[in-house]
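The structure under discussion appears below in the form of structure tokens.
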Amino acid sequence: MRQSKLFSKTRREAPADETSKNAQLLIRAGYIHKEMAGVYAYLPLGLRAVERIKSIVREEMDAIGGQELIMTALQRKELWERTNRWDDDMVDVWFKSSLKAGGEVGFGWSHEEPIGEMMKNFVGSYKDLPIFVYQFQTKLRNELRAKSGVMRGREFVMKDMYSFALGEEDHTTFYNATIDAYLRVFERLGLRNDTFVTFASGGAFTQFSHEFQTICEAGEDEVYYNREKGIAINSEVMNEQTLHDLKVTKEELTLVKTAEVGNIFNFGRQKATDLGLTYQSEAGEAVPVWMGSYGIGVTRLLGVIAEKFSDEKGLVWPTSVAPYTVHLVSLQTEDPAVRDWADGIYQNLVARGVSVLYDDRPLRAGEKFADSDLIGLPYRVIVSKKGKENDTFEVVTRRTGEVRHLTEEALYGDFDNDPLT
Ligand code: ATP
Ligand code: MG
């Protein structure tokens, strides 16, 4: 992508009403646009980063047998009444509206009920199970406070997955496979070491649900953890009973601020009982399906990564999430020899499958470097008149600041050896 053609621009200041670090950085670097509090548009750079997170999640959900679909944003009131979750006193984040033709609708803040209802069309006998489905969808939630940038949106992308199993054994196998798959996702996003599988509230059927909590100063949660013991407890459920049940003492635990990046639930047969979703067993009896639900906050993850992987100069993307791997920065663009050389390198890199943002704009070096630092791509390759004289480029690794001088051949060799694309 030629930066001269990119419509989004960097800016020195974020809007005055934007207080969160992730949104300030993402706005200044041209990744997102703030429509209103908690509502952000994703511009080309931001969308590419979101899509890369989604690809990683998609690969890992497919690997455990997930089938992708997409449910509707508009939802039927009657479904949620059946599980007693239409009432604003029961669910405090509903956006609701009414149809001109009459009748109320809800805007999807979760899809547990509609998807369970839909499955009645496909689940007949025990032979139809298990089923694992997932989607990426924009959830709408009327959050009271939205001050954490993209980490708490009123509109945000979630990956939600649902499992439909015969019984507990089947369910547990998939539940555990999902925990492993989630940990692989966080590994690939560079967050594994700071992410804990955490005992949390919210289990209607079980004592606890499991949250995936990532250490993050800007997070809204607090977790007590012990790395050696591999245990983490959300402060919401931290009490004598929990300590006793999990066989730990408070002294062994450290308190950290975290962001909830995922949450998984075991519904037992309760949800399907409420919805009337049953299968016919081998003995010919109608048995409620054993359901589970599994969320990952895709756009919240983008915010967490922006918070954790940044410095005073700007964003510092992990390669797996960066919208482009290489920022090719051409200096002295007014010199045709330098310009042609840079154009050629751009084409060669792209031909090799390396994703490149090419700063071909006629600006001063200092301005270009400041923008490049702010945008935060993993590698900066500088093409200059001085480099041209001895046939080398300066390659700067954004994260470490390491500077290398490479020939064109060495540069391609570097990217060929290292799967950076
Ligand atoms: P929170 O406690 O942060 O409000 P939640 O428990 O209500 O989140 P879930 O219903 O468990 O959220 O949703 C699954 C995942 O979606 C969460 O683990 C989180 O990563 C993400 N998520 C939830 N609410 C938001 C939001 N308002 N903005 C961005 N991501 C969100
Ligand atoms: Mg949750």
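For the chain, what mean projected area does the convex hull of the alpha carbons give, in nm²?
24.6
Any idea how far the Cα center of region 293-307 sits from the one of region 102-131, in Å?
So the two Cα centres are separated by 25 Å.
At 0.36 nm per residue, and after removing the present C-alpha to C-alpha distance, how many nm does the segment from Val93 to Ser201 gain when stretched out fully?
Result: 37.1 nm gained on full extension.
Let's see if you can work this out: charge +1 on each Lys and Arg Cβ, -1 on each Asp and Glu Cβ, no other charges. What is the dipole magnitude of region 183-260 about its Cα centre, in debye to the nearest 20?
360
If the only charges are +1 at each Lys and Arg Cβ and -1 at each Asp and Glu Cβ, what is the size of the charge dipole of the chain around the Cα centre, to the nearest 20 debye?
1220
In whole percent, and with a 1.4 Å probe on the protein chains, what portion of the accessible area of the chain is carbon and sulfur?
49
Could you list, in their original order, any pairs among Lys313/Lys368; Lys21/Lys54; Lys34/Lys147; Lys257/Lys308; Lys77/Lys159; Lys159/Lys229 whose Cα atoms are separated by more than 19 Å?
Going by Cα-Cα distance, Lys21/Lys54; Lys77/Lys159; Lys159/Lys229 fall outside the 19 Å limit.
Going 7 Å from the Cα of Ala16 along its beta-carbon direction, which residues of region 30-51 have the amide nitrogen within less than 20 Å of the resulting point?
Answer for region 30-51: 34-38.
Given a 1.4 Å probe and the protein chains all in place, what does the accessible area of Phe369 round to, in Å² to the nearest 10?
For Phe369, solvent-accessible area is about 60 Å².
Considering only Lys147, Lys159, Lys100, give the residue with the highest GNM mean-square fluctuation for the chain, with springs between Cα atoms whenever their separation is below 10 Å.
Fluctuation is largest for Lys100.
How large is the helix-only mean residue ellipticity at 222 nm for the chain, computed as the sum of -39500 (n - 2.57) over DSSP H runs with n ≥ 4, divided by its residue count, in deg cm²/dmol to the nearest 500?
-9000 deg cm²/dmol
Beta carbons within 10 angstrom, averaged per residue: use that to sort the peptides 295-305, 113-123, highest first.
295-305, 113-123
Averaged per residue, what accessible surface does the chain expose to a 1.4 Å probe, in Å²?
I get 46 Å² per residue for this part.
Please work out the Kirkwood hydrodynamic radius for region 1-72, using every pair of different C-alpha atoms, and report it in angstroms with one decimal place.
Taking every pair of different Cα atoms in region 1-72, averaging 1/r and inverting gives 14.2 Å.
Using mean Cβ contacts within 10 Å as the protection proxy, how do 58-70, 311-323 order, highest first?
For the peptides 58-70, 311-323, the packing ranking is 311-323, 58-70.
For region 244-370, what is one quarter of the convex hull surface built on the Cα atoms, given in nm²?
16.7
By how many nm would the segment from Arg399 to Asp335 lengthen if fully extended, with 0.36 nm per residue of separation less the alpha-carbon distance?
Extra length available between Arg399 and Asp335 comes to 20.0 nm.
Under 16 Å between alpha carbons, and skipping anything fewer than 8 positions from Lys386 in its own chain: which aspartates and glutamates qualify?
Answer for Lys386, where 16 Å is the Cα cut-off: Glu334, Asp335, Asp340, Glu394, Glu408, listed by chain and number.
For region 315-421, what relative contact order do you get, as a whole percent, if you take Cα pairs closer than 8 Å and at least 6 residues apart?
Normalised by residue count, the contact order of region 315-421 is 32 percent.
Only helices at least 18 Å long along their own axis, judged from Cα atoms, and with Kyte-Doolittle mean hydropathy of 0.0 or greater: name those in the chain from DSSP H.
Span-like helices here: none at all.
If R₀ is 56 angstrom, what is the calculated FRET efficiency for the pair Asn239 and Gln347, using the beta carbon separation as r and rounding to 0.05?
Using R0 = 56 Å, I get an efficiency of 0.35.
First check a/c for region 192-310, with a ≥ b ≥ c the square roots of the eigenvalues of its C-alpha gyration tensor; if it is under 1.5, answer rounded, and if not, answer prolate when a/b is larger than b/c or oblate otherwise.
Verdict is oblate for region 192-310.
The values are calculated or read from the model by the stated rules, or taken from the named source; none is laboratory data. Keep in mind it's a predicted model, so treat the numbers as computed, not measured. All Cβ positions, even for glycine, are placed from backbone atoms using ideal geometry, and neighbour counts span all protein chains on display. Only protein heavy atoms, including side chains, enter the accessible area calculation; ligands, DNA and RNA are left aside. Shrake-Rupley method; radii C 1.70, N 1.55, O 1.52, S 1.80 Å.
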